Ligand SMILES: *Cc1c(COP(=O)(O)O)cnc(C)c1O
């Protein structure tokens, strides 16, 4: 039951009531929120319930507005999910190598992090997960950052079967992936939460907009806890404008996916490249024979990639984001020149 997975004090929480909660609709004079009356682009408080964004996203994602939590980036959604379901000292599961924020957000909330590493093929270790059934919440990233592989719906269902807590599937890169979204499983698992973001495929990293999709009761609980004005009005405007351009987004995504194939092929030709891991995201994880040296070499030539060599299973690996065709060409040219 989802209710039992929500902390009792959050279940009982009375949310802050904003001026705009007590009156919604159109009026000619607003003297209710202590705002400065002289017009500017941002003199009024934003909609704390993100109604317009929820309406558009629910259309795009075929979910109800009640299943949607809109946050200041998925990083805020991660923190809110933890604060809604985990008390200090509670264990949560992460599966390294993966996105570093899960561990930081958990540690920042005084939670215990149980790391259940992915297998050498970067698949979840179901036995290791089952051995940590007492954890409150598990983070699964799909496609995974930094490995790039997408989890099948079958393996996500297997996680949900062996693990009784909240399962958060972070789909920051889902628009680049060939496989289906875990949204397809929402109807069957109350404990499943899907995280997505406008920071990657939608090109709005600077605007900060992420969202969680889950059971309405869990979403309502998180919404009571969140800061009322967590998404500013400029971001809300920019997001609505961009969400109207899904065709343009898809064109950019196709171009990036095509470039990913081109860069992957070129990298495989290089003698110091030991492996290019298959990717369903907008980056490639590349194992070099001399990862640290290549990282420094690229940096010295003004090209910054992410050194992931310190992560378990990622020895000598760099994570390379797919750029514009010109940027990618420049990267490959540098690497080709380096070895000759
Ligand atoms: C980039 C990324 C995000 C995005 O976070 P925002 O706060 O929405 O920008 C979330 N999860 C993963 C795994 C990422 O790589």
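Bear in mind that the values in this text are calculations on the coordinates, not laboratory data. Here the structure is a predicted model, which means the values were calculated and not measured. Positions of Cβ are backbone-derived with ideal geometry, glycine not excepted, and every protein chain shown enters the neighbour counts.
Worth a mention:
- Computed over region 13-123: relative contact order in percent, which uses C-alpha pairs under 8 Å that are six or more apart: 16
- Between 0 and 90°, nearest 10: helix 153-162 axis offset from the chain longest Cα axis: 70
- Rh (Kirkwood; distinct C-alpha pairs) - region 276-320, Å: 10.6
- Normalised by residue number, the volume inside the convex hull of the Cα atoms of region 50-113 is 102 Å³ per residue.
- Counted over all Cα-Cα pairs of region 228-308, pairs farther apart than 23 Å make up 45 percent.
- Estimated distance in nm for a label pair at residue 234 and residue 338, the labels positioned 7 Å out from Cα along Cα-to-Cβ: 3.7
- Full extension of the chain between residue 121 and residue 245 gives 41.0 nm of extra length, using 0.36 nm per residue less the Cα-Cα distance.
- Shape of region 120-194, Cα gyration tensor, a/c cut at 1.5: oblate
- Note on residue 274 and residue 217: the extension gain reaches 15.7 nm, defined as 0.36 nm multiplied by sequence separation minus the Cα-Cα distance.
- Extended-chain gain in nm, criterion 0.36 nm per residue less alpha-carbon gap, residue 289 and residue 28: 87.2 nm
- Only Cα pairs under 8 Å and 6+ residues apart enter the sum, and on that basis the relative contact order of region 45-178 stands at 20 percent.
- The chain, relative contact order in percent, only Cα pairs under 8 angstrom and at least six apart counted: 18
- Helix axis angle, 246-268 relative to the chain longest principal axis, alpha carbon, degrees: 20
- Cα gyration tensor category, rounded, prolate or oblate, for region 1-134 with a/c compared to 1.5: prolate
- Inter-label distance, residue 17 to residue 58: 2.3 nm, where each label sits 7 Å from its Cα along the C-beta direction.
- Choice from 315, 258, 184 with maximal GNM fluctuation in the chain (Cα, 10 Å cutoff): 184
- The mean of 1/r over all distinct Cα pairs in region 190-277, once inverted, gives the Kirkwood hydrodynamic radius of 16.2 Å.
- Cα gyration tensor shape of the chain, rounded if a/c is under 1.5, else prolate or oblate by comparing a/b with b/c: oblate
- Range of Cα positions in region 255-302 per principal axis (Å), largest first: 28, 23, 15
- FRET efficiency for the pair residue 300 and residue 2, taken as 1/(1 + (r/R0)^6) with r the Cβ-Cβ distance and R0 = 56 Å, rounds to 0.60.
- Note on region 9-70: Cα-only Rg and Dmax are 14.8, 40 Å.
- Average 1/r across all pairs of distinct alpha carbons in region 63-179, invert it, and you get the Kirkwood radius: 14.5 Å.
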